[in-house]
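Notes for the one structure printed next.
Every number here is computed from the coordinates shown, using simple stated rules; none is lab data. Bear in mind the structure is a predicted one, so any value in this text is a computation, not a measurement. FYI the Cβ positions are ideal-geometry reconstructions off the backbone, even for glycines, and counts take in every protein chain you see.
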Amino acid sequence: MVSIVPVPLWQRLWFILALPGLVTLLGTLPLPFVTTSTLLLLYLCIVLYAALKADQRTVFLCTLCCFLGFAFVQTVPMFELDLGVSAPEEALTAVLFVVIGLLAATIAIRLRSQFASLQEQKEFLHRQLGLSQELHQLDSTAPIPDLVARHFGSLFNQAIRFRLSNIEQDGKTRQQLSWDFTPGTVLNPAWPTLLASLREQVQSALIQQAAEQARKEAERRSDEDKLRTSLLSSVSHDLKTPLVTMLGAATSLRDLRADLRGEDADELLSSIISECQRLEAYIQNLLEMTRLGHGKLPLVLDWVSLEEIYHVVEKRLSRQYQTERLELDLAAGLPALHVHAALVEQGLFNALDNALKASRPQGKVLLRVRREGESMLMLVCDQGPGLPASEWERVFSPFYTFSLGDCYDKGTGLGLSICRSIFRVHGGDARIIEAPAPYRHCLRLSLPLPDSTTQTTDHDDDDDYSGHR
């Protein structure tokens, strides 16, 4: 706590006895430049210096000693306290010196006190700024008392214990900063004002944190609703090719049965069975994941490696594209993900499918996977013509399509919307960033990495994901 600290005893003796004694001794010497006016100015300098360094009591005693020294040496007869008898003008001079000295000392002490108060406020504001920066980074209220104590404990001489208490206001329970003084604490008069300001700061941070959590919850619910709607809307789009395959095979068997050889008929039947099995598993997962109703979107999470998900996606993409165009840059030692594998697979499939469509027939598509802090980052980069920055956010809107001449195949506009919703539901995100050379377009996907100590095995989910492959 910034305050006027009492000076030690030796410094008080220095102001009260030593300095006035030295000036008084100087006045006894037969020096031509040492006059009464010179001595009075020297005494006044001593009083002002004491006012800048010591407390008011010390300044008063210093003034008294200077007065006695002047009266003892400079009055007539010398070395006798006979003011007002032989030289009344000297008595008036001494009295004026005392008045001016005490007045100047009072002003100096007051200015020093104000300066100390300003220093105190500056220190308090500096610590408030540091506390504010850390409060905005908190995800919960639990660390707040320790955080306040770390920033302000020394300012209050470690005499206060901070805590969060629940209070009732307008029928609602809310938290506020409270404190307890340690036994035997001598309260500083400035503490109540500082503590009230500190409580308002913490209260503002608590309100902002609650609002941020409500915003995130609303955003999460909105993403879940968008994901339900988008996934259901995309069923016809994503299943169009296998349905056409099955329809063509079944029509061929019906119309050309007499002309087909046995192995050709068996191949058509096998194709129908294979596509039906794949569609059955895929639709089952979609229906499970997009169950409409109230509450949170049911996510059956399991531990799975990204490399495993990528191989499933690559196999699905191989039915439409030359997978030699895909390049996987996977960092070593990446941990497993705790996600709904089928959902993340669909999100990654949409991202790579979009990149392959945007690229030229021989254009390369890069999937670069790295760990950054507590998140896993996936960069999907392609060598297509790219998008103007004005379209980077709009392409994530449902049913929004972008056309640049004949550079892009026009789709349903659901792929990236579904991709973003899937990753956000898992706590991650999807957005477009500047692409590294020689690529023209880059989609940044992120997923949080949970604590591996919580790893569990969900056998039912393993079976579902295996069936989906």
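Can you tell me which of 361-367, 319-325 comes out highest on packing, and rank the rest after it, using the mean Cβ neighbours within 10 Å?
The most tightly packed comes first, giving 361-367, 319-325.
Please report the net charge: other residues with Cβ closer than 14 Å to the Cβ of Arg215, K and R +1, D and E -1.
Local net charge: -1.
Please report the net charge: other residues with Cβ closer than 12 Å to the Cβ of Ser117, K and R +1, D and E -1.
Local charge sum for Ser117: +1.
Sorting Val95, Val339, Val148 on the 10 Å Cβ count, fewest up front, what's the list?
Taking fewest neighbouring Cβ atoms as first place, the list is Val95, Val148, Val339.
Please give me the summed charge of the neighbours of Glu267: other residues whose Cβ is under 13 Å from its Cβ, Lys and Arg +1, Asp and Glu -1.
For residues surrounding Glu267, the net value is -3.
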